[in-house]
Amino acid sequence: MPNPLLDRAADLGGTLLNRLQGLKLPGVGTASVSDDPERAARRWRAVTVLCSPADVRVDDLPAPLVALGSLVEVRVTPAPGDKGTEIAARYRATPSDEELGRLRAALRASKQLLETGEVLRMDPRPHGERKQTPQGRLLDGVVANAKKEGVL
Amino acid sequence: MKAVTWTGINQLSVEDVPEPQILNDHDVILKVRRTTTCGSDLHLLSGYIPFMRAGDVIGHEFMGEVVEVGKAVRERKVGDRVVVASFVSCGNCWYCRQEMYSLCDNSNPNPGITEGLWGQSIGGCIGYSHAVGGYAGSHAEYVRVPYADVGSFVVPDGVSDDRALFASDAASTAFTGVDLGGVRPGDTVAVWGAGGVGQLAARISAIVGAAQVFVVDRLPERLEQARTHAGAETIDYTTTDVAAELRERTGGRGPDVCIEAVGMEAHAPGAHGVYDQVKQQLRLQTDRPTAVREAVMACRKGGSVFTLGVFASMVDKFPLGAIMNKGLTLRGAQVHGPRYIPRLLELMERDELVTEHLATHVMPLSEAPRGYELFKEKQDGCVRAVFTP
Ligand SMILES: NC(=O)c1ccc[n+]([C@@H]2O[C@H](COP(=O)([O-])OP(=O)(O)OC[C@H]3O[C@@H](n4cnc5c(N)ncnc54)[C@H](O)[C@@H]3O)[C@@H](O)[C@H]2O)c1
Ligand SMILES: [Zn+2]
Ligand SMILES: [Zn+2]
């Protein structure tokens, strides 16, 4: 049975996770300022993949990045030392939070595909009774957004 | 199948849950033969790691028999008796290639949570909350093991299930602390905490050549085990000033390497203990770093302090000045299982490392809630409760 209160809790969980990144918890008590929203949204987001730059071509990107189409520009550069290859991407126009989330998830999935050949799947997994409490639904909201959130 | 689930703060139950399935080509499914309580579970149970969902299957230290293999698995086959690393590692990212397996980039499907908390996410861990992946745990009849070629190890015939079990997490954690803490032949090592992890850190320190090993705790039966099985000298912090005792017994120097195996719920007598507990309950600090503080003060100049005990976020009143001025190295890590499990199994096969005495309470899975009660309250001499699904 739909329960609007519990759905609100789940939505709140997703929002809280987003705020957590904004709070810069690791930076509590540090000196640096926060980016203004426009600059934050337009930053290049990057993953480093342990492979040779020759294995990643901008015209032949992993499917999760291709799916974002021409909305994003992508840059592939060798990483220093033995670290592999940097894949960086950003939206051409200022993206919404939702779009940014899709980009983070796409970068992470692309890295997994290049390094391990598959994207990790989690469901279905064994679990007992999921009690429908507000705290429980809050965590459901956090988890549902955890792929798309983060400092990436 | 039957599985042990977390149902709320300090509440466990045994439920019927669906069996796990192969979801990725590198997975195997294991029929669990032994699975044990770990001190880390206590931090989950008590709600200090608030990323548990009612119904989550817990347990991350285990061994068993392979019953199904994914199509990309090369090294394991049905029927293999294996012990499995608690953290999940892909084997192919830069961190895995550097043997920093618990820092794997690809094994935590929920990176947003720990990136928010710590600035970077770490690898996933079986049965240890949604912050590290939300994998179903091993306190069950069957468990899914991802990237099985990397994280599972065939147990030699001469090593019993009861012994091999602890290579999964406690012994490999201990080895992580000894190795990355930099214990060298001739060193003096002090270990805080005489649980499974601390006792094995003491024993492995001796194996790699430490000349003198101390173990600090308050529980007499655990200190007795540390003397008998690790050959350690022991100190009861409730009756002795630990730093003074260590100075006296080390020619005034202090230990070269201090290994902390207590974690964020450290016990402390007196006003300081109350202070930490109240601050933690008010969420003004998330962790109680009692034993780490003591280790930092006791450590010799230029020595190293390694935190194996699990901490979640923020601590208060931390002696940073001692670290800087005494030239200490402070380091910590989650367990890099695959780096040490092969060596541990060799040591176990040669009887140089024995672990059976840790399994003070062996019981069927259906009695797990009672097992956790004994383990949490340290009742009846419980060091570890081991379940046989
Ligand atoms: N880093 C890792 O990958 C990893 C892996 C496994 C366990 N752990 C952590 O290691 C710690 C120990 O695990 P365990 O299974 O041995 O747990 P445990 O609960 O069996 O043992 C903890 C011991 O610490 C003692 N203790 C409490 N306060 C103390 C103090 N102030 N000084 C000295 N001793 C004190 C307790 O009496 C107890 O014997 C836990 O924090 C656990 O989360 C970390
Ligand atoms: Zn553990
Ligand atoms: Zn990896």
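The values are calculated or read from the model by the stated rules, or taken from the named source; none is laboratory data. Treat the numbers as computed from the prediction; the structure is a model and nothing was measured. Counting neighbours? That spans all protein chains shown, and the Cβs are built from the backbone with ideal geometry, glycine included. We work out accessible area using only protein heavy atoms, side chains counted, and drop any ligands, DNA or RNA first. Shrake-Rupley method; radii C 1.70, N 1.55, O 1.52, S 1.80 Å.
The mean number of partner chain beta-carbon atoms within 10 angstrom of a residue's beta-carbon across peptide B:13-24 is 4. Each principal axis of the Cα cloud of the range B:161-301 was evaluated for its coordinate range; sorted largest first, these ranges are 42, 41, 28 Å.
Give the average, rounded to an integer, of partner chain Cβ atoms located within 10 angstrom of each Cβ in B:120-129.
1
Compute a Gaussian network model of chain B, connecting alpha carbons closer than 10 Å, and tell me which residue from B:Gly79, B:Gly231, B:Gly254 fluctuates the most. Its mean-square fluctuation being the largest, the pick is B:Gly79.
Show me the ranking of peptides B:295-303, B:373-381 by mean Cβ neighbours inside 10 Å, starting with the highest.
Working: B:295-303: 20.9, B:373-381: 15.2.
So the peptides B:295-303, B:373-381, ranked by packing, come out B:295-303, B:373-381.
In terms of the mean number of neighbouring beta-carbon atoms within 10 Å, the peptides B:9-15, B:144-150, B:187-193, B:19-25 order highest first as B:187-193, B:144-150, B:19-25, B:9-15. Ignoring ligands, DNA and RNA, what percent of the accessible area of the range A:5-152 is carbon or sulfur (1.4 Å)? The C+S portion of the solvent-accessible surface of the range A:5-152 is 55 percent. Round to a whole angstrom and tell me the spacing of the C-alpha centers of the range B:1-31 and the range B:151-166. The distance from the Cα centre of the range B:1-31 to that of the range B:151-166 comes to 22 Å. Buried accessible surface for the B/A chain pair comes to about 3700 Å², total over both chains, computed with a 1.4 Å probe.
Once the Cα-Cα distance is subtracted from the 0.36 nm per residue extended length, the B:Asn325 to B:Asn10 segment shows a gain of 109.2 nm. Counting only lysines at least 8 places from B:Lys279 when in the same chain, those with an alpha carbon closer than 26 Å to its own are A:Lys24, B:Lys317, B:Lys376, B:Lys378. By accessible area, using a 1.4 Å probe on protein heavy atoms only, the range B:109-266 has 46% of its surface on carbon and sulfur. Taking amide H as placed 1.01 Å from N in the peptide plane, the amide H of B:Glu68 sits under 5 Å from that of B:Ile29, each at least 5 places away or on another chain.
A:Pro95 sits among other residues whose Cβ lies under 13 Å from its own Cβ, and their net charge, with Lys and Arg +1 and Asp and Glu -1, is +4.
Rounded to whole Å, the principal axis extents of the Cα atoms in the protein assembly as shown read 69, 54, 51, largest first. If the segment from A:Glu38 to A:Thr15 were pulled out straight at 0.36 nm per residue, it would be longer than the present Cα-Cα gap by 6.4 nm. The local environment of B:Ser304, defined by Cβ-Cβ distances under 13 Å, has a net charge of +1 under the rule Lys, Arg +1 and Asp, Glu -1.
Of the peptides B:62-68, A:32-38, B:255-261, how do they stack up when ordered by the mean number of other Cβ atoms within 10 Å, highest first? Kindly include the intermediate steps, with their values, before the conclusion.
Details: B:62-68: 21.6, A:32-38: 8.9, B:255-261: 28.9.
The peptides rank, most packed first, as B:255-261, B:62-68, A:32-38.
Just checking the listed ones, B:Gly371, B:Gly39, B:Gly112: in the Gaussian network model of chain B with Cα springs under 10 Å, the one fluctuating most is B:Gly112.
Net charge of the neighbourhood of A:Arg39, taken over other residues with C-beta under 14 Å away and scored Lys/Arg +1, Asp/Glu -1, is +1.
Here B:Lys301 is the anchor, and the aspartates and glutamates within straight C-alpha reach of less than 16 Å, apart from those fewer than 8 places off in the same chain, are B:Asp187, B:Glu248, B:Asp256. Annotation: for a label point projected 7 angstrom from Cα along Cα→Cβ of B:Ser160, residues of the range B:347-366 with backbone N closer than 20 Å are B:347-365.
Tell me, what is a quarter of the convex hull surface for the C-alpha atoms of the range B:29-171, in nm² with one decimal?
Details: hull surface 34.4 nm².
Taking the Cα atoms of the range B:29-171, their convex hull projects to 8.6 nm² on average.
Please figure out what share of the DSSP beta bridges in the protein assembly as shown is antiparallel and state it in percent, rounded to the nearest 5. Kindly include the intermediate steps, with their values, before the conclusion.
Details: 45 of 73 bridges.
Beta bridges within the protein assembly as shown, antiparallel portion: roughly 60 percent.
Strictly over 20 Å apart at the Cα level, which of A:Lys131/B:Lys2; A:Lys111/A:Lys147; A:Lys148/B:Lys71 would you flag in this model?
Among A:Lys131/B:Lys2; A:Lys111/A:Lys147; A:Lys148/B:Lys71, the Cα-Cα distance tops 20 Å for A:Lys148/B:Lys71.
Couplings for the range B:285-298, taken from phi via the Karplus curve 6.51 cos²θ - 1.76 cosθ + 1.60 with θ = phi - 60°, read 9, 8, 10, 9, x, 3, 6, 5, 4, 5, 4, 4, 6, 7 Hz in order; Gly and Pro are left as x. In the range B:43-57, burial by the other protein chains removes 20 Å² or more of 1.4 Å probe accessible surface, compared with the chain on its own, from B:Phe51, B:Arg53, B:Ala54, B:Gly55. Please identify, among B:Ala333, B:Ala170, B:Ala291, the residue showing maximal mean-square fluctuation in a Gaussian network model of chain B using a 10 angstrom Cα cutoff. Evaluated over chain B, the most mobile residue of the options is B:Ala333.
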